[in-house]
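Data first, discussion second: the structure below is written as structure tokens.
The values are calculated or read from the model by the stated rules, or taken from the named source; none is laboratory data. Just so it is clear, the structure is predicted and the values come from calculations on it, not from any experiment. Heads up, the Cβs are rebuilt from the backbone with ideal geometry, glycines too, and the neighbour counts pull from every protein chain shown.
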Amino acid sequence: MATQLEDRNEALESQIRQEEVRMLYDSIPFSSLAAAIASITIFSVLYNHAESTSLLITWIAIMLLSVAIRGWDALQYKHADVVSQKNDIWGKRFLVGSTFSGTWWGLLSWLGYSTDGAYQALIVICIVGVAAGSMSTLSYRWQTIAYFLIPALGLLEIRLIFENDPFSGAISLLLLVFILFTLSISRKIYNNTNQNVRLRIEADFRERALIEAKEDAERANFAKSNFLSRMSHDLRTPLNAILGFSQLLEYDTSISKIQRANTQEIISAGKHLLELVNQILDLARIEEGNLRVHVKQVWLEDVLSACHSLVKPLATEKQIQLDFENCPGSFVIADKTRLKQVLLNLLSNAIKYNHHFGSVTLSCELVAKNRIRISVEDDGQGIPASMQQRLFQPFNRLETESRSGEGTGIGLSIAKHLTEIMSGQIGFKSVMNSGSTFWVEFDGGVNDAIASRKSPHEDYQYDPPSVGAVESSPSLKILVAEDNITNRKLIASQLNVLGYQFDLASNGKEALALHEKHNYTMILTDCNMPVMDGYQFASAIRRSGDNRTPIIALTADAFPESEIKCRNSGMSDRMVKPVTLKRLKATLMKWQQAATS
């Protein structure tokens with residue numbers, strides 16, 4: 001840290017020196033023009049009155065040459081590149097030029113000397129005026145002011161002392177006071193100028209630092225998005241095979257009960273892993289501000305019924321009693337899917353971190369005129385005070401010293417973000433050894449006119465979904481483009497179970513060649529493939545004039561950008577892996593009807 005600060009200060013000082021030199025060179029055109037006019041004017045006045053005309057001519061010739069050289073030097077600096085302008089030689093060249101110029105103005109009192117007191121007084125006024133005027137153009141660097149003023153006024157002071165008369169003595173005394181005053185004032189002018197330059201450059205430094213920090217953040221965010229997209233794809237691809245083949249075993253009536261139970265364990269573990277992947281992606285979308293919600297009136301009874309069915313197996317496994325309030329006529333303003341996600345998180349935590357034979361109660365209450373609170377209460381061990389302040393932070397898992405839970409520790413963080421995105425509030429209270437109550441509040445109310453519906457308290461029984469074969473015909477055929485060998489075998493098995501005929505291709509180029517030879521009812525394609533990916537494949541089909549055949553993406557990329565890219569390339573629909581048989585069948589039947597109607 002100290003080294004970085006030293007480097008920053010060194011860079012700042014270097015920048016200030018470069019800016020001082022730049023402003024000095026920018027002042028040369030004006031100061032050179034003024035010097036030329038003043039020197040020619042004084043020369044013309046003194047020409048017939050100087051003690052030595054030849055010395056005066058020498059003075060004006062060298063003065064004008066000096067002005068020309070300094071002008072040429074300024075032109076060289078102006079046309080130099082940025083790197084060359086940073087060279088310290090420019091500051092030294094300017095210092096030499098200003099020192100010579102000050103010396104030569106001081107020599108005017110010697111080389112243009114006149115025995116006439118009036119003309120000698122004119123020389124004094126001219127040199128003093130030039131010295132005073134130089135402060136406005138040389139104040140950007142203290143050395144240049146000092147190196148110009150001291151020789152210019154010093155040589156004049158010596159000339160006046162050399163005269164050795166009362167009038168010159170008085171003038172020399174006044175001039176000495178003027179020299180001291182001028183140096184003091186010029187130092188203050190330089191300090192103020194330098195401070196302004198420093199403040200401006202520091203502001204530029206801060207602005208550049210902010211821009212660089214913003215660019216670094218954007219690069220990091222882009223890298224994170226790429227990583228998450230890649231991770232999502234790479235995890236979903238094997239998950240698709242795990243869950244897909246397990247599901248096929250689940251429908252196999254020839255396996256034993258033990259094998260079926262083992263298959264269900266595989267499916268359960270696969271779904272849990274999929275849930276973790278989805279949570280991480282949700283958190284990434286929330287942090288990037290890309291998660292969209294569709295807020296509308298949602299009937300709580302419907303949401304709670306779905307939540308009860310989903311958490312009942314977990315509660316049964318731990319022998320937890322579930323007590324759900326029916327909440328008839330209650331509604332909230334929220335996104336139905338995200339509300340269910342929030343409540344499922346609270347319910348699963350209440351079950352997971354409860355003790356065996358415990359209880360979990362879900363209740364609703366009207367806490368204000370247009371405000372509904374949904375509470376999830378458990379009678380577990382409670383949350384230690386040391387964990388409560390960081391409970392909603394990502395990757396803080398709900399665990400105690402005696403046990404640790406599954407998961408990534410981001411469920412509550414996501415629940416909090418989702419609740420706030422839907423303009424709700426989330427909170428909790430917990431007492432050690434007495435349990436915890438988590439609650440969410442949303443705008444909503446109760447419609448008393450709506451009759452009570454059927455209570456969601458229904459016994460849960462596991463029944464594998466029934467997925468039968470579809471009625472197919474020899475003319476109905478599907479083209480599948482999938483580069484992953486395992487997933488190609490899986491989709492083939494799934495289509496066989498569903499009763500479809502199909503052809504397989506390992507990339508978009510092979511699939512495009514098959515499409516040109518055969519008439520397919522539908523096309524299923526992966527998006528990320530070698531040689532020709534799914535997006536290019538779909539675009540090629542649409543460019544060929546085939547705008548009727550449904551093209552369905554079968555992708556492991558769950559990001560919203562992928563869906564937009566699918567639509568833009570001409571695809572009709574998208575299924576994100578892992579794809580269940582039920583979802584596959586429903587999607588194929590929908591587009592089969594559209595294609596054959």
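If I filter segment 206-220 for residues that are in a helix (DSSP H, G or I), touching a residue at least 24 places away in the same chain (Cβ under 8 Å) and either charged (D, E, K, R) or surrounded by 12 or more Cβ atoms within 10 Å (Cβ to Cβ) (or both), do I get at least one hit?
So far as segment 206-220 goes, no, none of its residues is in a helix (DSSP H, G or I), touching a residue at least 24 places away in the same chain (Cβ under 8 Å) and either charged (D, E, K, R) or surrounded by 12 or more Cβ atoms within 10 Å (Cβ to Cβ) (or both).
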query: Does Val311 satisfy the criteria of being assigned to a helix (DSSP H, G or I) and over 31 Å from the mean Cα position of the chain (by Cα)?
result: yes
- line: Within segment 23-39, the count of residues that are loosely packed, with under 14 Cβ neighbours inside 10 Å and in contact (Cβ under 8 Å) with a residue 12 or more places away in the chain comes to 1
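Conditions tested, residue by residue: (1) more than 60 Å from the chain's Cα centre (by Cα); (2) modelled with pLDDT of 95 or more.
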site: Tyr25; (1), (2): no, no
site: Phe30; (1), (2): no, no
site: Ala35; (1), (2): no, no
site: Thr53; (1), (2): yes, no
site: Trp59; (1), (2): yes, yes
site: Ile62; (1), (2): yes, yes
site: Asp81; (1), (2): no, no
site: Asn87; (1), (2): no, no
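Let's see how each residue does on (1) in contact (Cβ under 8 Å) with a residue 40 or more places away in the chain; (2) within 60 Å of the chain's Cα centre (by Cα); (3) farther than 24 Å from Leu183 by Cα:
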site	(1), (2), (3)
Leu56	yes, no, yes
Ala68	no, yes, yes
Ser101	yes, yes, no
Leu111	yes, no, yes
Leu122	yes, no, no
Cys126	yes, no, no
- request: May I ask you to list the residues in segment 542-570 that are in contact with a Phe, Trp or Tyr (Cβ under 8 Å, 6 or more places away or on another chain), in contact (Cβ under 8 Å) with a residue 40 or more places away in the chain and either surrounded by fewer than 17 Cβ atoms within 10 Å (Cβ to Cβ) or not polar (S, T, N, Q) (or both)?
  value: Pro550
task: Would you mind telling me which numbered condition in (1) over 23 Å from Gln120 (Cα atoms); (2) exposed (fewer than 13 other Cβ atoms within 10 Å of the Cβ) Leu180 fails?
output: (1)
statement: Result of the Cβ filter at 9 Å on segment 318-343, keeping first residues that are farther than 15 Å from Thr419 by Cα and partners that are at pLDDT 90 or above and among the aromatic types (Phe, Trp, Tyr), at least 6 apart or interchain, is Cys327/Trp299; Gly329/Trp299; Ser330/Trp299; Phe331/Trp299
query: Quick check, is Gln76 in a helix (DSSP H, G or I) and crowded, with 21+ Cβ neighbours inside 10 Å?
result: no
task: Residue by residue through segment 211-255, note down the ones that are among the small types (Gly, Ala, Ser), at pLDDT 75 or above and closer than 22 Å to Ile266 by Cβ.
output: Ala241, Gly244, Ser246, Ser254
message: Being within 41 Å of the chain's Cα centre (by Cα) and part of a loop (DSSP other than H, G, I, E, B) narrows it down to one residue among Asn349, Asn345, Asn354, Asn326; which is it?
response: Asn354
query: Among helices (runs of 4 or more DSSP H) lying entirely in segment 80-161, which contain 1 or more residues that are over 28 Å from Val45 (Cα atoms)?
result: 82-85, 89-111
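Could you check segment 468-550 for strands (runs of 3 or more DSSP E) lying wholly inside it with 3 or more residues that are out of contact with any Pro (no Cβ under 9 Å at 6 or more places or on another chain) and under 20 Å from Arg574 (Cα atoms)?
Output list reads 477-481, 501-505.
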- request: Starting from segment 261-276, take each residue that is at negative phi and list its partners that are hydroxyl-bearing (Ser, Thr, Tyr), counting only C-beta distances under 8 angstrom and pairs at least six apart or across chains.
  value: Thr263/Ser246; Gln264/Tyr462; Ile266/Ser246; Ile267/Ser246; Gly270/Ser246; Leu276/Thr408
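Quick one: which of Tyr77, Tyr47 is within 51 Å of the chain's Cα centre (by Cα), at pLDDT 90 or above and among the aromatic types (Phe, Trp, Tyr)?
Only one candidate passes the filter, namely Tyr77.
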task: Taking the residues in segment 234-260 that are among the acidic types (Asp, Glu) and touching a residue at least 60 places away in the same chain (Cβ under 8 Å) as candidates, determine which candidate is surrounded by the most Cβ atoms within 10 Å (Cβ to Cβ).
output: Glu250
message: I need every pair where a residue in segment 515-540 that is charged (D, E, K, R) has its Cβ under 8 Å from the Cβ of a residue that is part of a helix (DSSP H, G or I), sequence separation at least 6 or different chains.
response: Asp526/Asn487; Asp526/Gly534; Asp533/Gly508
- prompt: Out of segment 462-498, which residues are small (Gly, Ala, Ser) and modelled with pLDDT of 90 or more?
  reply: Ala481, Ala492, Ser493
task: Report yes if Arg403 is closer than 16 Å to Cys307 by Cβ and either at pLDDT below 90 or not assigned by TED's automatic domain parsing to the domain that holds Leu310 (or both), otherwise no.
output: no
- prompt: Given the structure, is Val332 farther than 24 Å from Arg292 by Cβ and either in a helix (DSSP H, G or I) or in the same structural domain as Leu304 (by TED's automatic domain parsing) (or both)?
  reply: no
- line: Restricted to segment 435-452 and to residues being acidic (Asp, Glu) and farther than 11 Å from Cys364 by Cα, the residue modelled with the lowest pLDDT is Asp448
